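Report on one structure; see the data block that follows.
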Amino acid sequence: SPDDASIITSSCESNVYRIASGVKASDQFWLKGQPYSLRHMLNNDDLARHFAGGTVYQAYLSGISYHRWHSPVSGTIKRIVHVPGTYYAECPAMGFPDPDPVACCGSQAYITATATRAIVYIDADNPNIGLMCFMAVGMAEVSTCEVTVKEGQKVTKGEEFGMFHFGGSTYCLIFRPQTKVEFLPDCTEGKDIHLNAAIARILSP
C-alpha cells in the first residue's frame, strides 16, 4: 500500500517478538518479566516523554535475514541518536533455573535498554501518526547499527535508511499514545513478516 498513509509496513525481514501497549516512561527489570522502559530505551532523550503510554512493536532478525532497514512510513527524519551498549546482555530473570543457551534471544525486551542501538525519530506525513520512532538494537555481538539518512531528510515508505552489519538483531517501532494503532490479524507473536509487508493500520482519532 505505497499510497495509503494509514498503513504501517515492516522495516525488516523479521519475526514478531512482542506487541505492547500502555508502555511506561520508566520501569524496572526485576525478578520476573521484561517490561519496556522508554526512558532507558531512548537514552533519556527529551523526546521520550512523547511516547509514554504508547505502543511498542518489536521483531527480530535471524542471522540469515536481509539486514537492511526500510522506512515504515513516509515522513521527515527529525532526530538520529546512536547509543553505545553491551554485548551478549541477558536479563537476570532468564538465567535461572534454565539459562538461555543463545544469550540474548530470550532477553530481547531487556536489551532494548542495554545493547548498542540506533534511534531514528520520524515525523510522519500522516498527522494521525505524527512523531514515531524506529529503534535498531544489536543482539549478542552486533554493535554496528548504521543509519544512512540524515536529520531533516524526507523518506518514503519502503525506502532504505540503514542497516545492521552482522548476525541476528532486533528492532522496535514506537508510537505515541495518541496514535491509534490496529495491528493486522497476521501480525502476531512468532509470525514471520516480510520486508515492507503491511503490519498495522492507523485509525483516525
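The values are calculated or read from the model by the stated rules, or taken from the named source; none is laboratory data. What you see is a predicted model, and the numbers here were worked out from it, not measured in a lab. Here Cβ is always computed from backbone atoms with ideal geometry, including for glycine, and neighbour counts include all displayed protein chains. Keep in mind that these areas ignore ligands, DNA and RNA; they rest on the heavy atoms of the full protein, side chains included. Shrake-Rupley method; radii C 1.70, N 1.55, O 1.52, S 1.80 Å.
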_Whichever residue in the stretch 150-180 is hydrophobic (A, V, I, L, M, F, W, C) and over 14 Å from ALA124 (Cα atoms) and, among such residues, is surrounded by the most Cβ atoms within 10 Å (Cβ to Cβ)_ = PHE164
*asked:* So in the stretch 181-205, with the set limited to residues that are without any contact (Cβ under 8 Å) to a residue 60 or more places away in the chain and part of a loop (DSSP other than H, G, I, E, B), which one is surrounded by the fewest Cβ atoms within 10 Å (Cβ to Cβ)?
replied: PRO185
*Within the set of pairs 6+ apart or on separate chains, which have a first residue in the stretch 141-155 that is in contact (Cβ under 8 Å) with a residue 40 or more places away in the chain and assigned to a loop (DSSP other than H, G, I, E, B), a second that is polar (S, T, N, Q) and open to solvent by less than 30 Å² (accessible area, probe 1.4 Å), and C-beta atoms under 9 Å apart?*
SER143/THR116; VAL149/SER71
*Inside the stretch 46-89, can you point out the residues that are of a type in the set (Ser, Thr, Tyr), more than 18 Å from ALA109 (Cα to Cα) and crowded, with 16+ Cβ neighbours inside 10 Å?*
SER65, SER71, SER74
*Could you list, in sequence order, all residues of the stretch 21-43 that are open to solvent by 20 Å² or more (accessible area, probe 1.4 Å) and either assigned to a strand (DSSP E or B) or modelled with pLDDT of 90 or more (or both)?*
SER21, GLY22, ARG39, HIS40, ASN43
*In the stretch 91-121, what residues are crowded, with 17+ Cβ neighbours inside 10 Å, part of a loop (DSSP other than H, G, I, E, B) and at pLDDT below 70?*
CYS91
_Odd one out for ALA140, checked against (1) crowded, with 16+ Cβ neighbours inside 10 Å; (2) among the small types (Gly, Ala, Ser); (3) within 19 Å of ILE19 (Cβ to Cβ)_ = (3)
_Filter pass, TYR66 being within 15 Å of the chain's Cα centre (by Cα), under 21 Å from ILE199 (Cβ atoms) and not acidic (Asp, Glu)_ = no
*Which of the residues spanning the stretch 166-180 are under 18 Å from THR112 (Cα atoms), in contact with a Leu (Cβ under 6 Å, 6 or more places away or on another chain) and in a strand (DSSP E or B)?*
SER169
